[in-house]
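Below: one structure, written as structure tokens.
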Amino acid sequence: MKRIGILLASVLVCLLLLSPTAVEATAGGHGGGHSSGGHSSGGSSSHSTSVGGHSTSYGNGLYSRRSSPLVWVFFAVSIGLVGLRRLRQQQQIKAQELATYRSMLKEIPGTKRKKDRIREDVTTSFLAIQQAWDVQQPKQAAAFCTERLLAQQQQALAAQQDEGVVNHTRQVKVQGLQNFRHVEAESFSVDIAFSCVDYLEDLEGQLLAGQQKRRQQFLQKWFFDYDTETNRWRADFIQPLFLT
């Protein structure tokens, strides 16, 4: 439907641009007499009067008949093509994410309800832990990770504090889950593809590394254990795979 809307809008723009303009009209002109020339005001407006005829035009030269309609047609078509390209890219991304998700579901045993629960636990835990890391408060995500991972996060943040640096991970977006693998009866690993703004500052907020507005792509392998007390999967270990 979006593609059809874009095409219709492009056609409508073309029709409007190709229709006769009412900016320059002639009433009873004979073609005789002489032109008094013209003058411009503000660099954009034009005013010309035909003495002996009755042709008068006011307005911006961009909208007069002297502008070629082909230029505007090309402009409208270009906008339509750009819109179609972006729409196609979005559709391709969604199709890839759906294919990755379906592939992961095939690897997870159990019913669809169980598979969806695992996916929800993985995504929720991942985002909560990333948020806690960004504000240097790992305990905020204590309900989503094991004691081992919590201790690792606290040690890493303490080391950064001693070095006088702070690592921020913001605008985190999960792009896909893949390579689900059972490790033991109550644990598994899964690769998480995501993007975020990742950079390093000193304790005074001065940028040391990375960019505060540029998103980067990451792929990490996360390990999860099942917690029988809370009946949910909790993150236990994080293994970076690559960074682009």
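The values are calculated or read from the model by the stated rules, or taken from the named source; none is laboratory data. Predicted model, so just to flag it, every value in this text is computed and none were measured. For neighbour counting, all protein chains shown are included, and Cβ atoms are generated from backbone atoms with ideal geometry for every residue, glycine included. Only protein heavy atoms, including side chains, enter the accessible area calculation; ligands, DNA and RNA are left aside. Shrake-Rupley method; radii C 1.70, N 1.55, O 1.52, S 1.80 Å.
Taken over segment 122-174, the criterion of being of a type in the set (Val, Ile, Thr) and either touching a residue at least 40 places away in the same chain (Cβ under 8 Å) or within 19 Å of Ser189 (Cβ to Cβ) (or both) is satisfied by Val122, Thr123, Thr124, Ile129, Thr146, Val165, Val172, Val174.
Return yes or no: is Leu200 part of a strand (DSSP E or B) and open to solvent by less than 80 Å² (accessible area, probe 1.4 Å)? In short, yes. Within segment 182-227, the set of residues being within 18 Å of Arg170 (Cα to Cα) and of a type in the set (A, V, I, L, M) comprises Ile192, Ala193, Val197, Leu200, Leu203, Leu207, Leu208, Ala209, Leu219.
Just to be sure I understand, how many residues within segment 162-175 are farther than 13 Å from Asp202 by Cα and open to solvent by less than 70 Å² (accessible area, probe 1.4 Å)? Final tally of qualifying residues: 4. When only residues in segment 124-161 that are open to solvent by 50 Å² or more (accessible area, probe 1.4 Å) and under 27 Å from the mean Cα position of the chain (by Cα) count, which is farthest from Val174 (Cα to Cα)? Among those that are open to solvent by 50 Å² or more (accessible area, probe 1.4 Å) and under 27 Å from the mean Cα position of the chain (by Cα), it is Gln136. When Tyr226 is tested against the conditions (1) in contact (Cβ under 8 Å) with a residue 24 or more places away in the chain; (2) open to solvent by less than 40 Å² (accessible area, probe 1.4 Å), the lone failure is (2). Within segment 159-180, being of a type in the set (D, E, K, R) and more than 20 Å from Leu127 (Cβ to Cβ) holds for Asp162, Glu163.
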